[in-house]
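As structure tokens, the structure follows; a few thoughts come after it.
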Amino acid sequence: MLPPAIPPLLPTLILVNLTAHMALSGGKLSGALFTLRSGWSEAVMGIYLALFASVPLFSSLWVGRWIDRAGALHVMRRGIALLLAGAWLPVAWLSIPTLFAMAMLLGIGFNLVSMSGLQSVGVLSSGHSDQSRLANFGWFGLGFATSAALGPAASGLLIDELGFRAAFAGMALFTCVAALLVLLPLRTLPQHRKPPAARHPDGAPPAWNDLMTTPALRRIFLVGLALNVGWDLYTALLPVLGTRLGFSASVIGSIASMFAVGIVISRLLTPWLATRFHEWQNVRAALTCMTLVFLVLPWADAPATFMVLGFAFGSSVGLSQPNTLSLLHAATPSGRAGEALGLRFFLGNCSSVLLPFLFGLVVVPFGPAPVMWAGAALVGAGLPAVNRALRQR
């Protein structure tokens, strides 16, 4: 029996998130290593990583309104179809052009699945306490965290033992599992659609930017952006630093997995932390730890050091995400949860598109150290907003 606070369909949503993200997390690392080992520069790898967020960057706001209008399950099924197409593409034809196409298909596909899942968690948590809602978002994030640990590690091992095509095929199999889960167990997922009158009070949908006029929402969005900046920089740094230091694909995958293990541990602790600390206190701890990791990272040169720092960084990411989602859900006007998630994803995807690209341009002439120090400054810039939120409690 599940604990009363956990909605019955939440475990299935967690498995969908896990299996769908396996293709993205494993494919992202495999593609980055294939690009570097094929003789392409870090700039090309940066473009490849940026493509995962390129389509979501321009579609997240529309997707959020689509979810509010059509329901989460309808959108989730479309996302699974895109994941299937993208994951199997490099298995059929492995090349830089197909990897770029894969990145765009996986990016938008997982964006649809993830946003639909998050909106569903909010709906399933309706009527629960703030602590239960935060715990449910934490449990949901376990799917992402687990796949972020298993995907890179499995891909690295498959690359070293069987080659790149086998690594892509192994990750693509998980999209088939995700499709079965969405088509069968989740067909009974409750749908929460915004009524037409709420959608069109003046004959047109409300402008998205009015969400930014609310101080509480604006603060949440900006702090979330600082967290995304740190995460995106770390993701871009890892394959470059590992390749420059001569680490094997399996070692790089293991380092990435320690990052994800940190996420898992912090997500498991989320229900306990929810009863002892306010969401903003948890976010402040996460931002502080991420800033310190960036300051120490330039002096790391051994796999064990990278694993410790990756675990600390992952713990911070895992701690921050459920708390910011809970804060966002509580502060969002009724009937606009999908739109608020869309705006959050839009801002995050701005970071995911621009930062890997800029990283590739900067790291070639100047090396990775200036990028790490810039990461510390950008992540630390979110701390004043968090401190203001805590003072205004």
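Table for the structure above
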{"item": "Failed criterion for ARG65 (all others in (1) open to solvent by 40 Å² or more (accessible area, probe 1.4 Å); (2) touching a Phe, Trp or Tyr at 6+ places or on another chain (Cβ under 9 Å); (3) within 18 Å of LEU51 (Cβ to Cβ) hold)", "result": "(3)"}
{"item": "Flag for SER334 being under 17 Å from the mean Cα position of the chain (by Cα) and among the small types (Gly, Ala, Ser)", "result": "no"}
{"item": "Test set (1) open to solvent by 10 Å² or more (accessible area, probe 1.4 Å); (2) touching a residue at least 60 places away in the same chain (Cβ under 8 Å); (3) under 30 Å from ALA167 (Cβ atoms) - PHE313 fails condition number", "result": "(1)"}
{"item": "For ALA377: the one exception among (1) surrounded by 15 or more Cβ atoms within 10 Å (Cβ to Cβ); (2) within 23 Å of the chain's Cα centre (by Cα); (3) without any contact (Cβ under 8 Å) to a residue 24 or more places away in the chain", "result": "(1)"}
{"item": "So ASP232, is it assigned to a helix (DSSP H, G or I), open to solvent by 20 Å² or more (accessible area, probe 1.4 Å), at pLDDT 85 or above and of a type in the set (Asp, Glu)", "result": "yes"}
{"item": "Conditions (1) farther than 24 Å from GLU279 by Cα; (2) modelled with pLDDT under 85; (3) assigned to a helix (DSSP H, G or I): number failed by VAL251", "result": "(2)"}
{"item": "Residue within segment 300-311 that is part of a helix (DSSP H, G or I), over 18 Å from the mean Cα position of the chain (by Cα), small (Gly, Ala, Ser) and under 30 Å from ARG391 (Cβ atoms) present", "result": "no"}
{"item": "Check on VAL55, over 21 Å from PHE174 (Cα atoms) and open to solvent by 10 Å² or more (accessible area, probe 1.4 Å)", "result": "yes"}
{"item": "For GLU42: the one exception among (1) at pLDDT 85 or above; (2) surrounded by fewer than 24 Cβ atoms within 10 Å (Cβ to Cβ); (3) farther than 28 Å from ASP210 by Cα", "result": "(1)"}
{"item": "Every residue from segment 363-374 that is hydrophobic (A, V, I, L, M, F, W, C) and buried (at least 17 other Cβ atoms within 10 Å of the Cβ)", "result": "VAL363, VAL371, MET372, ALA374"}
{"item": "Cβ-Cβ under 7 Å pairs, at least 6 apart or on other chains, segment 235-258 side within 14 Å of VAL371 (Cα to Cα), far side not in a helix (DSSP H, G or I)", "result": "LEU237/PRO368; VAL240/PRO368; LEU241/PRO368"}
{"item": "Unique match (being at pLDDT below 80 and out of contact with any strand residue (DSSP E or B) (no Cβ under 9 Å at 6 or more places or on another chain)) among VAL353, VAL379", "result": "VAL353"}
{"item": "Residues of segment 91-105 that turn out to be closer than 14 Å to ALA167 by Cα, open to solvent by 10 Å² or more (accessible area, probe 1.4 Å) and of a type outside the set (Gly, Ala, Ser), as a count", "result": "3"}
{"item": "Enumeration of residues in segment 156-169 that are crowded, with 23+ Cβ neighbours inside 10 Å and under 26 Å from ARG77 (Cβ atoms)", "result": "PHE168"}
{"item": "From SER132, SER114, SER155, residue being of a type in the set (S, T, N, Q) and farther than 29 Å from GLY46 by Cβ", "result": "SER132"}
{"item": "All positions within segment 273-286 that are surrounded by fewer than 16 Cβ atoms within 10 Å (Cβ to Cβ) and hydrophobic (A, V, I, L, M, F, W, C)", "result": "PHE277"}
{"item": "Total residues in segment 29-39, condition open to solvent by 30 Å² or more (accessible area, probe 1.4 Å) and either on the phi > 0 side of the Ramachandran plot or within 18 Å of the chain's Cα centre (by Cα) (or both)", "result": "1"}
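For (1) in contact with a Leu (Cβ under 8 Å, 6 or more places away or on another chain); (2) more than 18 Å from PHE357 (Cβ to Cβ), each residue gets a yes or a no:
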{"position": "VAL16", "(1), (2)": "yes, yes"}
{"position": "LEU24", "(1), (2)": "yes, yes"}
{"position": "ARG37", "(1), (2)": "no, yes"}
{"position": "TRP40", "(1), (2)": "no, no"}
{"position": "VAL44", "(1), (2)": "no, no"}
{"position": "SER54", "(1), (2)": "no, no"}
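This table checks each residue for (1) modelled with pLDDT under 95; (2) surrounded by 24 or more Cβ atoms within 10 Å (Cβ to Cβ); (3) closer than 17 Å to VAL223 by Cα.
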| position | (1), (2), (3) |
| --- | --- |
| LEU268 | yes, no, no |
| PRO271 | yes, no, no |
| THR288 | no, no, yes |
| LEU297 | yes, yes, no |
| THR305 | yes, no, no |
| SER320 | yes, yes, yes |
| ALA330 | yes, no, yes |
| ARG336 | yes, no, no |
| GLY342 | yes, yes, yes |
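Listed here are the residues, each with its yes/no results for (1) more than 27 Å from GLY367 (Cα to Cα); (2) assigned to a helix (DSSP H, G or I).
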| site | (1), (2) |
| --- | --- |
| SER25 | no, yes |
| LYS28 | no, yes |
| GLY39 | no, no |
| ALA43 | no, yes |
| GLY46 | no, yes |
| PRO56 | yes, yes |
| SER60 | yes, yes |
| ARG65 | yes, yes |
| ARG69 | yes, yes |
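The values are calculated or read from the model by the stated rules, or taken from the named source; none is laboratory data. Worth saying up front: this structure is predicted, and the values here are computed from it rather than measured. With ideal geometry, Cβ positions are generated from the backbone for all residues, glycine too; neighbour counts draw on all protein chains shown. Side chains included, ligands, DNA and RNA excluded: accessible areas come from the protein's heavy atoms. Shrake-Rupley method; radii C 1.70, N 1.55, O 1.52, S 1.80 Å.
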